[in-house]
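Working notes, structure below.
The values are calculated or read from the model by the stated rules, or taken from the named source; none is laboratory data. Only a predicted model underlies this, so the values are computations on that prediction, with no experimental measurement involved. Neighbour counts are summed over all protein chains in view; Cβ atoms, including those assigned to glycine, are modelled from backbone coordinates with ideal geometry. Heads up: the accessible areas ignore ligands, DNA and RNA and are worked out on the full protein's heavy atoms, side chains in. Shrake-Rupley method; radii C 1.70, N 1.55, O 1.52, S 1.80 Å.
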Amino acid sequence: MYCGKYVFAQLIEFLPQKTFQRIVMKHQGDKYIKSFSCWNQLLIMMYGQLSGCESLRELVCIVSAHTPKSYHLGFGKSVITRSNLAKANANRDYKIFEEFAYKMIAIAQSKRITREFEIAGRFYAFDSTTIDLCLNLFWWASFRKTKGGIKVHTLYDVITQIPTFLHITEAKVHDMNAMDEIPYEPNAYYIFDRGYFDLERLFTVNLIRSNFIIRERGHLQYKIIDGEELLEGSDNILYDQTITAYWTKNKQEISRSSPTHRFLLG
């Protein structure tokens, strides 16, 4: 008879439980809780994710089938019901699990950094994805007349290939608005697509001495302040110029819309 640990129990050994408990104490997540703790809740939801469960009902059915093993899997001694699990998900502070997730991301980043990417600095890519939701169940996520959804705005670490920041909004929120939530870092590089072409928001990246890379949207009107007209180096950069953008009316320059920006074209 095999007496070793279950595979799932071996996996959760990599989680820093003491760190999680400190976060729980900080937010008083286990206050007045007698049996089904935040740690038990975390492990059950992780088990459901790894098992590919599509609903709480399916998850509870699977967990109930393994009731004799629940304690050794980390689910606690009490019987798990769908109502208790749903109440825990609805009432407990999400910041407990969010803070722990960012802690795990930091640990993963430290283990993924290699010397293959030789350029100094941190490199991030920012984009969003839309998740469709049923309007009958998620009425608050109204997107179109017959469609509901949310957007997940993700800041992706290019070097470690790990998401470092997630911001969830309604699907109707424009991508540009999520730029205000990015935890910008000095001396970092941020990559955007043309949907984020907002010079006022992009200038905030310059204010903290960081850089951004973005595709031009439309015909940008600008004046060259400094820089060579054409470079012939081996790094595939054709232009390296400092520019200032402006807008016009009736072919007359009215005012400059932003301070100067460094402009690279390759």
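Sort the range 71-195 into rounded, prolate or oblate with this rule: let a ≥ b ≥ c be the square roots of the eigenvalues of the Cα gyration tensor; rounded if a/c is under 1.5, and if a/c is not under 1.5, prolate when a/b is larger than b/c, oblate otherwise.
Values: a/c = 2.89, a/b = 1.25, b/c = 2.31.
Oblate is the answer for the range 71-195, as a/c is 1.5 or above yet b/c matches or exceeds a/b.
In whole Hz, what ³J(HN,Hα) sequence does the range 105-111 give by Karplus (6.51, -1.76, 1.60; θ = phi - 60°), x for Gly and Pro?
4, 4, 5, 5, 4, 5, 8
Using the heavy atoms of the protein chains and a 1.4 angstrom probe, tell me the accessible area per residue for the range 29-168 in square angstrom.
Numbers: 9050 Å² over 140 residues.
For the range 29-168, the per-residue accessible area is 65 Å².
Below 18 Å, Cα to Cα, which lysines can Lys147 reach? Residues fewer than 8 away in the same chain don't count.
Lys172
Would you mind giving the three semi-axes, in whole Å and largest first, of the ellipsoid equivalent to the range 1-56 according to its Cα gyration tensor? It would help to have the intermediate numbers written out before the result.
Working: eigenvalues 107, 50, 26 Å².
The answer is 23, 16, 11 Å, longest axis first.
Considering only the other residues whose Cβ falls under 13 Å of the Cβ of Asn177, what net charge follows from Lys and Arg at +1 and Asp and Glu at -1?
On the way: positive: Lys151, Lys172, Arg201; negative: Glu170, Asp175, Asp180, Glu181, Asp198, Glu200.
Once all neighbours under 13 Å are counted, the net charge is -3.
Filter Lys5/Lys87; Lys31/Lys103; Lys18/Lys95 down to the pairs with a C-alpha to C-alpha distance above 25 Å, please.
On the way: Lys5/Lys87 30 Å; Lys31/Lys103 22 Å; Lys18/Lys95 17 Å.
As for pairs spanning more than 25 Å Cα to Cα, those are Lys5/Lys87.
How much net charge surrounds Val24 when only the other residues with a Cβ under 12 Å from the Cβ of Val24 are counted, with Lys and Arg +1 and Asp and Glu -1? Show your work: numbers first, answer last.
Values: positive: Lys18, Arg22, Lys26, Lys31, Arg92, Lys95; negative: Asp30, Asp93, Glu99.
In short, +3.
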